[in-house]
Amino acid sequence: MAEAVKVKDIGAGGGAFRKYCRLVHGDVALWRVFRNELLVLLFSNIPGALGIVLRRIFYPCMFRSCGGGVVFGRSVTLRHTHKIDLGRGCIIDDFSLLDAKGETNNGLSLGAGVYVGRHSSVYCKNGDIVLGDRVNISSHCTLFSSNRLQVGEGCMIGAYCYFLSGGEYDYKDATPFADQLGMGTRGELTIGDDCWFGTRVTLLDAASVGKRCVIAAGAVVTRPVPDRRLAMGVPARVIREI
């Protein structure tokens, strides 16, 4: 993954409007900026079934690709939509965030039937996130990538989970943390198919998880977990095979 830039540096140069466009929309034609802004202004906060129907009709044109039957909740924040793929039947619940920010990344790819719960954030800083079919993300979760984060099919992610791929600072570097990019990484974060993560699980950079694993509530995973294992604790330890 190419070197990222800090969010506050994305809009360096130009006026306030240009900075806003680069932060929210990326490097796209001006007519796309105005179209997306108008659609959000008109339809983002309409409550109930009417809002869902109108957003289902008008929002898909903003994305790189969007399958049929995608549901957008109220007040969803969408950034760099030209680098977001949504599979058929995805549900993006109220007040959630999808952000594919970056200058050289591929962005976000959500498979068919993915659910992103209320107040959850799935976002990049020059990284990529790939969610397999039927991934279920509960409320108040954060999935972040400045590298690559891939979640296998059918994974269940409990509320308040935090998955981090990249985003590390170098404490050995004399450069003040505020001046570092904060995009250091030890490797990609990969999660196998059919895993279950309890509430408030923290999954740190390069701590990949194998297929059909169970990670108990409150665990902090700092190292890879093999296939078919139950892990728990801080830091998480494998308890047994399942």
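Summary of computed values
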{"quantity": "Region 157-181 residues that are within 26 Å of residue 218 (Cα to Cα), paired with ones that are aliphatic (A, V, I, L, M) (beta carbon under 6 Å, 6 or more apart)", "calculated": "157/137; 161/201; 163/143; 163/203; 164/204; 165/149; 165/189; 166/183"}
{"quantity": "Subset of region 108-127 (residues that are surrounded by 24 or more Cβ atoms within 10 Å (Cβ to Cβ) and part of a strand (DSSP E or B))", "calculated": "108, 110, 116, 122, 124"}
{"quantity": "Any chance residue 146 is at pLDDT below 95, buried (at least 18 other Cβ atoms within 10 Å of the Cβ) and closer than 16 Å to residue 192 by Cα", "calculated": "no"}
{"quantity": "Scope region 204-217; condition out of contact with any Pro (no Cβ under 7 Å at 6 or more places or on another chain), over 17 Å from residue 154 (Cβ atoms) and crowded, with 16+ Cβ neighbours inside 10 Å; matching residues", "calculated": "204, 205, 206, 216"}
{"quantity": "Residues located in region 128-143, provided they are part of a loop (DSSP other than H, G, I, E, B) and either touching a Cys at 6+ places or on another chain (Cβ under 9 Å) or at pLDDT below 95 (or both)", "calculated": "132, 134, 135, 138, 140, 141"}
{"quantity": "Residue in region 85-107 that is farthest from residue 26 (Cα to Cα), counting only those that are surrounded by fewer than 22 Cβ atoms within 10 Å (Cβ to Cβ) and of a type in the set (A, V, I, L, M)", "calculated": "91"}
{"quantity": "Selection count where residues are more than 24 Å from residue 172 (Cβ to Cβ) and in contact with a Lys or Arg (Cβ under 9 Å, 6 or more places away or on another chain), scope region 192-207", "calculated": "5"}
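Listed here are the residues, each with its yes/no results for (1) of a type outside the set (D, E, K, R); (2) within 24 Å of the chain's Cα centre (by Cα); (3) under 16 Å from residue 71 (Cβ atoms).
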| residue | (1), (2), (3) |
| --- | --- |
| 22 | no, yes, no |
| 31 | yes, no, no |
| 36 | yes, yes, no |
| 50 | yes, no, yes |
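The values are calculated or read from the model by the stated rules, or taken from the named source; none is laboratory data. Everything numeric in this text was worked out from a predicted model, so none of it was measured. All Cβ positions, even for glycine, are placed from backbone atoms using ideal geometry, and neighbour counts span all protein chains on display.
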